[in-house]
1. Can you sort Met89, Met251 from fewest to most other Cβ atoms within 10 Å of each residue's own Cβ?
2. Could you check the simple spin-label distance between Asp66 and Gln193, using points 7 Å along Cα→Cβ, in nm with one decimal?
3. Express in nm, to one decimal, how much length is gained between Leu97 and Trp29 on full extension, taking 0.36 nm for each residue of separation and deducting their alpha carbon distance.
4. Can you give the direction-averaged projected area of the convex hull of the alpha-carbon atoms in segment 21-151, in nm²?
5. Starting from the 7 Å offset along Cα-to-Cβ, what nm value, one decimal, do you get for the label separation of Lys305 and Phe56?
6. How large is the convex hull of the C-alpha atoms of the chain per residue, in Å³?
7. With an 8 Å cut-off on Cα pairs and a minimum separation of 6 or more residues, tell me the relative contact order of segment 163-324 in percent.
8. Over the alpha carbons of segment 163-324, what is the largest minus smallest coordinate on each principal axis, giving the biggest first in Å?
Amino acid sequence: MQNIEWSKLPFGYFKTDYNVRCFYRNGQWGEIEVSSSEIINIHMAATCLHYGQEAFEGMKAYRGKDERIRFFRWEDNAKRLQDSAEGIMMAKPPLDLFHKMITKAVRLNEKYVPPYGHGASLYIRPLLVGTGAQVGVNPAKEYMLLIFVTPVGPYFKEGFNPVSIQIAGDYDRAAPQGTGNIKVGGNYAGSLQPTERAKAEGYAAVLFLDAKENKYIDEAGPANFFGIKNNTYITPESTSILPSITNKSIMQLAKDEGMTVEQRKVPVEELETFEEIGACGTAAIITPIRKITDRKTGKTYEFCKDGKAGPVSTKLYKKLQDIQYGEETDKHGWITFVE
Ligand code: PLP
Ligand code: COI
């Protein structure tokens, strides 16, 4: 294995030794298979290629100071994959199969779990695809669940340093009654054009507004949105955003800190009133936002005037990471050891 500079890892693909696969055929899931190939062999008429029968998950394994490896709320990821499967008519992987597969994938690649103290972790990417052939628009009869892992650093190169975000205004991520609330590839395909444009214009990501009225904040391309004011944590409620497990955890941590938590519609103009804002997710962790520009109107909202993350975001970030890396008591039962 080549020497890895753990503290410089980007969020990207890094080859590990094994992935694990399980196939659904004749109405049932088969045995877990281990592969050292990065290639999958599928039928050219597979529904994942033609009709978007594809869903994925994103979760992490963390190595603590004690060397033990931890999953954070794996069952929530497993359940969300089941919701995604149901949403686009795919076979639902049972929770215990999911757990066995992520455990196997991590254990087989244990040397790639970053050591404690580098702000890095092992990203776990479960992928569920329709592999059965169809030409008419129908769900497949066969599926593959594949889990690969890759060591990663923070999603945004800024890490915990504040980023700039752009409201595109002329693109929607997902339809109000569509697939925005499940983790399917099509949602991300739809975000590529505005995201690449935003990056070229100097922004880290796009903030999408609700697709119906274009009035309320939905979420960022790869993460949920939150704002903080008057000791209150506020995060959008919408039918077209992904229910983020990180966001759900931060809401609990905010309550533990004595803050009020509001999950409700957040009009864009409310940005004027926040003391701190940020994006949150497995990959993004908590990423503070220093500037949001509305591309259509040119209006800009600025935060973190001293260039640093605000005190509340910093406190919540630390609490979350301390639980994930085993530095803080896991009083909500979010941690499972990989054993
Ligand atoms: N929103 C979108 C669109 C995402 O892709 C993700 C990442 O999974 C999130 C939010 C954050 O969700 P979670 O905290 O469960 O990773
Ligand atoms: C995650 O946070 O796990 C994600 O899946 C976000 C992104 C890489 C799509």
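1. The fewest-first ordering by Cβ neighbours comes to Met89, Met251.
2. 5.1
3. Gain in length upon complete extension: 23.6 nm.
4. Its Cα hull, projected and averaged over all orientations, spans 8.0 nm².
5. 4.1
6. Dividing the Cα hull volume of the chain by its residue count gives 137 Å³.
7. After rounding, I find 24 percent.
8. Principal-axis extents of the Cα atoms in segment 163-324, largest first: 38, 33, 25 Å.
Quick note: the coordinates plus some simple rules give every number you see, no bench work behind them. In this text, all values refer to a predicted model and were calculated from it rather than measured experimentally. Ideal geometry is used to build each Cβ from the backbone, glycine not excepted, and the neighbour counts take in all protein chains shown.
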